[in-house]
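The values are calculated or read from the model by the stated rules, or taken from the named source; none is laboratory data. Keep in mind it's a predicted model, so treat the numbers as computed, not measured. Cβ placement follows ideal geometry from the backbone for every residue including glycine, while neighbour counts extend to all protein chains displayed. Note: areas computed on protein heavy atoms with side chains; ligands, DNA, RNA excluded. Shrake-Rupley method; radii C 1.70, N 1.55, O 1.52, S 1.80 Å.
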Amino acid sequence: MTDLTSLTLAEARKGLAAKTFTSLELTDAHLNAIEAARVLNAFVMETPDQARAMAREADARIAKGDGGPLAGIPLGIKDLFATKGVRTTACSKILGNFVPTYESTVTSQLWRDGAVMLGKLNNDEFAMGSSNETSCFGPVGNPWRRDGSNTTLVPGGSSGGSASAVAALLCMGATATDTGGSIRQPAAFTATVGIKPTYGRCSRWGVVAFASSLDQAGPIARSVRDSAMLLRSMAGHDPKDTTSVDIAVPDYEAAIGKSVKGMKIGIPKEYRLDGMPAEIEKLWSEGAAWLKAAGAELVEVSLPHTKYALPAYYIVAPAEASSNLARYDGVRYGLREQGKNIIELYENTRAEGFGAEVRRRVMIGTYVLSAGYYDAYYLRAQKVRTLIKKDFEDCFAKGVNAILTPATPSAAFGVGEKGGADPVEMYLNDIFTVTVNMAGLPGIAVPAGKDAQGLPLGLQLIGRPFDEETLFSLGEVIEQAAGRFTPARWW
Amino acid sequence: MSTATHKLLKGATGDWEMVIGMEIHAQVTSNSKLFSGASTAFGGEPNSHVSLVDAAMPGMLPVINEECVRQAVRTGLGLNAKINLRSVFDRKNYFYPDSPQGYQISQYKSPVVGEGEVLVELDGGRSVTVGIERLHLEQDAGKMLHDQSPTMSYVDLNRSGVALMEIVSKPDIRDAEQAKAYVTKLRSILRYLGTCDGDMEKGSLRADVNVSVRKPGGPLGTRCEIKNMNSITFIGQAIEYEARRQIEILEDGGEIDQETRLYDPNKGETRSMRSKEEAHDYRYFPDPDLLPLEFSQSFVDELKADLPELPDQKKTRFVVDFGLSAYDASVLVAERESAVFYETVLDKLGNRARDGKMAANWVINELFGRLNKEGRDITGSPVNAEQLAAIIDLIGEGTISGKIAKDLFEIVWQEGGDPRALVESRGMKQVTDLSAIEKVVDDIIAANPDKAAQVKDKPQSLGWFVGQVMKASGGKANPQSVNDLLKSKLGI
């Protein structure tokens, strides 16, 4: 039998339906792969017993002919999603051994559709980071290495565990979340496909909050089709999240292979950064050429407020985070470090429980919301946000169907290489992705090529609100043209 | 604002005027909390009414309880206030164990209800209009339990997340009497509306009182806020104390520190809780978990159409329809239960137009008097509205005299029973049979020839004869018939 872990989700679904193999076999293959890949540190919690139980149940359902759309498909779950009875930490010490009594809406929909949980995936602490180095469980290794090098590279972040596990064939797909690029940047660093849907498309209920107005769940998968299949199960209106939108979830898979002829693709001139590596430039042109060859029309567009997006993002996101993380106080659950009085208990708990990056953002957020600074920072950043949103609206109003940009300004970098002295160096990773969160739009990262050192690079497509389908259609065109990329196994 | 005279405080340098504003926190009457489905029932075991949202578990999100919004709008309508069709929930950030989220969801810049006003009646027919600045919805906090362990404090989150309406007045209140009357009136309106039970002992209604003093008509002074008052009497005491404290400082050449103070009812004084420097920076910002609260004018109109009659309207109706004095009408409408009782009596009366006013007198004087004497409230009255209506019917139709009615009331109070049947069985019927009364009159005149002779010169001594006849008839003679007969027999 061929290695079951090398199948795409779509292929595995076929095999399961044809009873070529069982979900239990598929699950075991992945559990073995996980065990053999512990050096990557992608999983922070493996749940083999639960996985096998869910696989058996899926096999029974498939046998009865009522397997759901994801019946028997083994997935990894980012540790930001609350999983009932399974430790959920957001990869922060402050949550300790917190075990939720509830299941996030997104994961419960995956289980409803028959998926199997292999375990919980590493991420940057509270999803704050672009390299997965801020996790309390330590960094995640990227399955990709530079040609001829043994240096361990980061898989990006914050969904680094998700991207690494999918790229290393440890799971058929993974849940992820994206607040400023946390799905798309790691997808680009690992040659996987990641889509951040429109804000409101997936419920945030049961997902540990980072920045509520920007956070959105989405999948990381091995192909565009796989990501479409996963998103279909993850998306949907949830009365428990009033920011989720009550719009029917389309059959995203039907968009795969749909003609893109006549579609207008915007190329935003402001994304052409000074000193942008030539290979990123080349990749971008190539991507545009592929879309043109498929019948799309390319137009130069302007998103004039792009340069303000990153600074504004680093005001809005920490502001919300400083408030969202106030609940981790050592009083009700998670870590508690005693003190002489309640203030000391707070101080000791939060100093011990939060890592440096989280502390930094809590402090930035507290600062920008404080009396006397609110108008100059938070309010102004919100105004910038409105302008960024309007840039996109103007662009779409001119008939543009989607916008093509690079996903990241560079390929994956080494563990410990960036942000040590200057956190802004790390923040710059999100330069192409944050605008999308600020505007609440859908964005997909698709592998498009490699750099000179053999590392994968991705392109990003930005769509109209709730038009994920167009992104899947266009993403498929890029995937077909660029081919799929699999890392050589070294672990 | 009307210009009712108010109390000035005498100081060494002359008169001082108090300027008072209030923030009332009224717990919204609803089955579940403002943003979660947990019960709002009072008095459950600690932490028995706590949902995942109330405990601020990771990833939990608030969902607005629409009934609480309706209650806030009803209250706004009852305060003649502007209803804002769009308002925003903000986070008020602070750390305390009774606030599990680390912030309170409140409304800061855009409250659901804007400006309104309340007419406040004072003694002697005076009244004052107090402006309402705003009303907003917010979450209540949990309760700290400091007496459960020698080394730790515990927290009960049952109340955490229960909906509160914060009703902010303008600084239109000028003395303790007005302040007390304002709280009383506001409480009454809330209870009529059914939007807050007004139970101050249980903490359903609490007030923060802002007090400053100034020379009459002069510029506003620096204010102090007295927090968390849950008794109308204490509010009055605290204001008096606080105003005198401030006057003393100012007259000694000092300055008032803007601060938050607490009132100690045992010592009868306010003391500092925290200074302006120690005040929290709440870092308010719009709650990104909640969309702005928006509803249509028709939503408001529907609530308006279903609004119950409020005390001011009811008072006017009592005055116009039943000829009650403004004072009596105010007494009846002050408490919703009293008004309901009176109106039930009215419903049961045989002739409302004729006896409505008498019914008011009976409810206020006989019933309230007796209830007060025994320290009972109207809901525990031994005489129900139907019984009282029957007694009044009996007076109105001339079956018993007012005096007999009082005896009858006493019997019903003590023993219960149908007043009409009691009158029959105990022979309490008024004697209207003229021949029977005539005999008694004749007997009395015959027995008192001297007095009968004098009465022509001293007509006021007729009363003595009336009394004698009534006494001889056991109070059952119709007083008007007795009067008429005596006059004709005595030739006056």
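Before moving on, here are some points about what is shown:
- Simple label model, 7 Å out from Cα along Cβ direction - B:Asp443 to B:Asn80, nm: 6.2
- Formal net charge of residues neighbouring A:Gln109 (Cβ-Cβ distance under 14 Å; K, R +1; D, E -1): +2
- Chain B - share of DSSP beta bridges that are antiparallel (%, nearest 5): 95
- The stretch A:140-192: C-alpha gyration tensor shape, a/c 1.5 cut-off, then a/b vs b/c: oblate
- At a threshold of 40 Å², the residues of the stretch B:61-87 that become less accessible to a 1.4 Å probe in the full protein assembly than in their chain on its own are B:Leu61, B:Val63.
- Using every pair of distinct Cα positions in the stretch A:331-376, the Kirkwood expression returns a hydrodynamic radius of 11.9 angstrom.
- Burial annotation for the stretch B:257-289: residues with an accessible-area loss of at least 10 Å² between the isolated chain and the complete set of protein chains, computed on heavy atoms with a 1.4 Å probe, are B:Asp281, B:Arg283, B:Tyr284, B:Phe285, B:Pro286, B:Pro288, B:Asp289.
- The stretch B:150-241: equivalent-ellipsoid semi-axes (sqrt of 5 x gyration tensor eigenvalues, Cα, Å): 28, 19, 12
- Kirkwood hydrodynamic radius of chain A, from inverse mean 1/r over distinct Cα pairs, in Å: 22.2
- Cα radius of gyration and Dmax for the stretch B:208-331 (Å): 22.0, 58
- Hydrodynamic radius by Kirkwood, which averages 1/r over all alpha carbon pairs of the stretch A:335-491, in angstrom: 19.3
- Of the residues in the stretch A:80-101, those shielded by at least 10 Å² of accessible area once partner protein chains are present, compared with the chain alone at a 1.4 Å probe, are A:Phe98, A:Thr101.
- Near the amide H of A:His237, within less than 5 Å, lie the amide hydrogens of A:Ile247, all on another chain or at least 5 residues away, with H placed in the peptide plane.
- The stretch A:211-300 - percent relative contact order, Cα under 8 Å, separation 6 or more: 25
- The stretch A:10-21 - phi-based ³J(HN,Hα) in whole Hz, Karplus 6.51/-1.76/1.60, Gly and Pro as x: 5, 5, 5, 4, 4, x, 5, 5, 7, 6, 5, 8
- Over the stretch B:357-492, all Cα pairs binned in 10 Å intervals from 0 give whole-percent P(r) values of 11, 36, 26, 18, 8, 0, listed from short to long.
- Here chain B is treated as an ellipsoid with the same Cα gyration tensor; its semi-axes, largest first and in whole Å, are 56, 28, 21.
- For the stretch B:103-125 versus the stretch B:383-429, the spacing of their alpha-carbon centroids is 46 Å.
- Note on the stretch A:266-313: Rg/Rh from C-alpha atoms, Kirkwood Rh, equals 1.04.
- Heavy-atom surface of the protein assembly as shown, accessible at 1.4 Å and reported per residue (Å²): 40
- For B:Leu262, net neighbour charge (Lys/Arg +1, Asp/Glu -1) across residues whose Cβ lies under 9 Å away: +2
- Proximal aspartates and glutamates relative to B:Lys451, as straight alpha-carbon distance under 19 Å, when same-chain residues fewer than 8 apart are discounted: B:Glu438, B:Asp442, B:Asp443, B:Asp484
- Calculated diffusion of the stretch A:201-259, Stokes-Einstein form, Kirkwood radius summed over Cα pairs, 20 °C and 1.002 mPa s, µm²/s: 172
- Summing charges over neighbours of A:Leu7, with a neighbour being any other residue whose Cβ is under 11 Å away from its Cβ, gives 0 when K and R count +1 and D and E count -1.
- The protein assembly as shown: radius of gyration and largest Cα-Cα distance (Dmax), Å: 38.8, 142
- Over 18 Å (Cα to Cα) - which of B:Lys373/B:Lys406; A:Lys196/A:Lys389; B:Lys82/B:Lys304; A:Lys14/A:Lys261; B:Lys439/B:Lys487 fall in this group: A:Lys14/A:Lys261
- Counting all C-alpha pairs of the stretch B:10-119, share separated by more than 25 Å (%): 37
- Counting only aspartates and glutamates at least 8 places from B:Lys348 when in the same chain, those with an alpha carbon closer than 15 Å to its own are B:Glu386, B:Asp393, B:Glu397, B:Asp418.
- When A and B come together, around 2900 square angstrom of accessible surface is lost from both chains combined, probe 1.4 Å.
- Within the stretch A:276-374, the trypsin sites (Lys or Arg not before Pro) that combine a DSSP coil assignment with at most 14 other C-beta atoms in a 10 angstrom radius are A:Lys340.
- Amide H within-cut-off set for A:Leu121, under 5 Å, with H built and near neighbours excluded: A:Val44, A:Ile77, A:Lys78, A:Asp79
- For A:Met263, residues with placed amide H under 5 Å, excluding near neighbours: A:Glu297
- Per-residue HN-Hα couplings for the stretch A:49-58 [Karplus 6.51, -1.76, 1.60; θ = phi - 60°; Hz; x = Gly/Pro]: 5, 4, 4, 5, 5, 5, 5, 4, 5, 5
- Karplus (6.51, -1.76, 1.60) ³J(HN,Hα), θ = phi - 60°, over the stretch A:181-197, in Hz, Gly and Pro reported as x: x, 5, 9, 6, 5, x, 4, 5, 6, 10, 6, 10, 9, x, 10, 9, x
- Rotationally averaged projected area of the stretch B:286-362 (alpha carbon convex hull; nm²): 7.9
- Accessible surface of the stretch A:88-184 [probe 1.4 Å, protein heavy atoms]: carbon and sulfur percent: 50
- Taken over the Cα atoms of the stretch A:167-274, the convex hull encloses 147 Å³ per residue.
- Restricting the calculation to Cα atoms, the stretch A:279-379 yields a radius of gyration followed by a Dmax of 22.0, 70 Å.
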